[in-house]
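Below is one structure; the comments refer to it alone.
The values are calculated or read from the model by the stated rules, or taken from the named source; none is laboratory data. As the structure is a computational prediction, the values presented were derived from the model and not from experiment. All Cβ positions, glycine included, derive from the backbone under ideal geometry; neighbour counts span all protein chains shown. What goes into the accessible areas is simple: the full protein's heavy atoms, side chains included, and nothing from ligands, DNA or RNA. Shrake-Rupley method; radii C 1.70, N 1.55, O 1.52, S 1.80 Å.
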Amino acid sequence: MSATVDARGLSCPQPVLMTLDTLKTVDHGEIVILVDTDTSKENVIRAASSKGWQVRSVQPEGIEYRITVAKV
Amino acid sequence: MGGRPITAMNIVCFPIGKLDKSILKEILRGGLEKIYEAGAALAGGHSVDDLELKYGLSVTGLVHPDRVWANAGAKPGDVLILTKPLGTGILATAIKAGLASAAAEAAAIELMATLNKQAAEVLLLYPVHGCTDITGFGLLGHALEMAQASRVTLTIETAEVPIMAEVLDHAGMGLVPAGSYANRNFCASSVRETGTIDPLLLDVMADAQTSGGLLVSLPPEVAARALENLHAAGIEQSAIIGRVSERSRGIVELR
C-alpha cells in the first residue's frame, strides 16, 4: 500500500500530525510526505522513525522536500 | 538583571474581528495579576488591531549601577545554576498538536506563569558574577551569549540539566518548534560536544523557552548554599548544571 501526504504550506505541528494520522491507517508499504521547510523535514522524519518507519530517501525539490518512508 | 520593577505598560496586538473580546480581557487580567505579584504598577499601554495575537509588557525598574547583574561577569571556577527546567517550547508544540498529557500541559502553564522574582530575591544574598534569563534563544543560545560576553567557556553537564516530564518523548516524535532548530543551528559553530550527546537532548538544550529560568554564575564556595536556599524557597527544580571552565573567545561545552 502507498499514500502521499501533502503538508506543503503548513507550519508545525500540522505536518507531523498529518504524517502520524496517515501512518495510523497504513500498516506497511511506502508513504511519500511533501514538506517545504527544514523544520517540517526534520520533524516528519522523527515522527515516522518513532513509529518504526524507515526513511528511504529525502529528495530536495527546489525549496521543497520529498520524503519517502517505508515499512515492510 | 538584579533590579526591581516599578512600572509596567501593556503592549497588545489583537485580532478583534477574529477572537472574542473576553479572551483579551482574560489576558490583560492575568498580566495585571503578575504585575501586582512583581510589586509593580500598571501605567497604561498600547493596543493594535493585528492579524495574530501578541501580548507583552514594557517594564521600567530601578537598580543600583554597581549592582547590575550583567551576563558578562562569569569567571573561571564559577558554578552555574539554572532555576527552571527546560522544555516549554517543545511542550507548547505538543499542546498545539493535542498530544501533551493534561498533567504536562498544566505543569508547563504553571512554570511559564512563575515569575523569577523569588529566585532573584534568594540570589541577591550571594555575590552573583553573571546572570541571564533563558528565553527564546534557549539555554544553549543564552549560555553562549554569557560565554561570549564574559570571554569564557561554560561547561554544561547535560545529565544535570532539569527537563520537564514528557519533553524528550515529544522531541522524539518530531514536535520541535522551528525556533529551537534555528537556535541549535545558529550556535553550532561555538558549541563543543565532549562525548556523544543524544541529538534529542541537544534539541532540548536549544529549545526556545517562554518565561524560562535564570542562569546564574557564582563563586563555587557559595553555590551549594545558594542552591539549598533556592530549594528551601520553593524553587525546587533549580539545579547546578555546570561550571565556568576557562578563559576563551566564548564557547559552550556540552558533556
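Residues that are out of contact with any strand residue (DSSP E or B) (no Cβ under 7 Å at 6 or more places or on another chain) and open to solvent by 40 Å² or more (accessible area, probe 1.4 Å) within the stretch A:44-72 comprise A:50, A:51, A:60, A:61, A:62, A:63, A:72, listed in sequence order. Being open to solvent by 20 Å² or more (accessible area, probe 1.4 Å) and either part of a strand (DSSP E or B) or not assigned by TED's automatic domain parsing to the domain that holds residue B:110 (or both): is that true of residue B:246 here? Yes, satisfied.
Residue by residue, here is whether (1) crowded, with 17+ Cβ neighbours inside 10 Å; (2) among the polar types (S, T, N, Q); (3) within 14 Å of chain A (Cβ to nearest Cβ); (4) in contact with an Asp or Glu (Cβ under 7 Å, 6 or more places away or on another chain) holds:
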residue	(1), (2), (3), (4)
B:164	yes, no, no, no
B:171	yes, no, yes, yes
B:180	yes, yes, yes, yes
B:185	no, yes, yes, no
B:192	no, no, no, yes
B:199	no, no, yes, no
B:203	yes, no, yes, no
B:221	no, no, no, no
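For residue A:3, state whether it is away from every other protein chain (no Cβ under 14 Å) and modelled with pLDDT under 90. Against the criterion (away from every other protein chain (no Cβ under 14 Å) and modelled with pLDDT under 90), residue A:3 qualifies. Going residue by residue through the stretch B:226-237, is there one that turns out to be part of a helix (DSSP H, G or I), within 17 Å of residue B:77 (Cα to Cα) and at pLDDT 95 or above? Yes, some residue in the stretch B:226-237 is part of a helix (DSSP H, G or I), within 17 Å of residue B:77 (Cα to Cα) and at pLDDT 95 or above.
Take the residues in the stretch B:57-110 that are among the acidic types (Asp, Glu) and surrounded by fewer than 19 Cβ atoms within 10 Å (Cβ to Cβ); name whichever of them is nearest to the other protein chains (Cβ to nearest Cβ). Break it down into steps so the answer makes sense when it comes.
To start, the set of residues in the stretch B:57-110 that are among the acidic types (Asp, Glu) comprises B:66, B:78, B:105, B:110.
Among the residues that remain, those that are also surrounded by fewer than 19 Cβ atoms within 10 Å (Cβ to Cβ) are: B:66, B:105, B:110.
Numbers: B:66: 44, B:105: 14, B:110: 22 Å.
So, considering only residues that are among the acidic types (Asp, Glu) and surrounded by fewer than 19 Cβ atoms within 10 Å (Cβ to Cβ), the one nearest to the other protein chains (Cβ to nearest Cβ) is B:105.
Taking the conditions (1) outside any helix (DSSP H, G or I); (2) among the hydroxyl-bearing types (Ser, Thr, Tyr); (3) outside the structural domain of residue B:154 (by TED's automatic domain parsing) in turn, residue B:22 satisfies each one other than (1). For the stretch A:11-43, filtered to residues that are within 12 Å of another protein chain (Cβ to nearest Cβ) and surrounded by fewer than 17 Cβ atoms within 10 Å (Cβ to Cβ), the residue that is nearest to residue B:98 (Cα to Cα) is A:14.
Hey, does the stretch B:31-54 have a residue that's within 14 Å of chain A (Cβ to nearest Cβ) and either on the phi < 0 side of the Ramachandran plot or open to solvent by less than 50 Å² (accessible area, probe 1.4 Å) (or both)? Break it down into steps so the answer makes sense when it comes.
The first filter runs over the stretch B:31-54 and keeps only residues within 14 Å of chain A (Cβ to nearest Cβ), leaving B:52.
When the remaining residues are screened for being either on the phi < 0 side of the Ramachandran plot or open to solvent by less than 50 Å² (accessible area, probe 1.4 Å) (or both), the result is B:52.
Scanning the stretch B:31-54 turns up at least one residue that is within 14 Å of chain A (Cβ to nearest Cβ) and either on the phi < 0 side of the Ramachandran plot or open to solvent by less than 50 Å² (accessible area, probe 1.4 Å) (or both).
Return a yes/no flag: does the stretch B:16-23 have any residue that is open to solvent by less than 50 Å² (accessible area, probe 1.4 Å) and on the phi < 0 side of the Ramachandran plot. Scanning the stretch B:16-23 turns up no residue that is open to solvent by less than 50 Å² (accessible area, probe 1.4 Å) and on the phi < 0 side of the Ramachandran plot.
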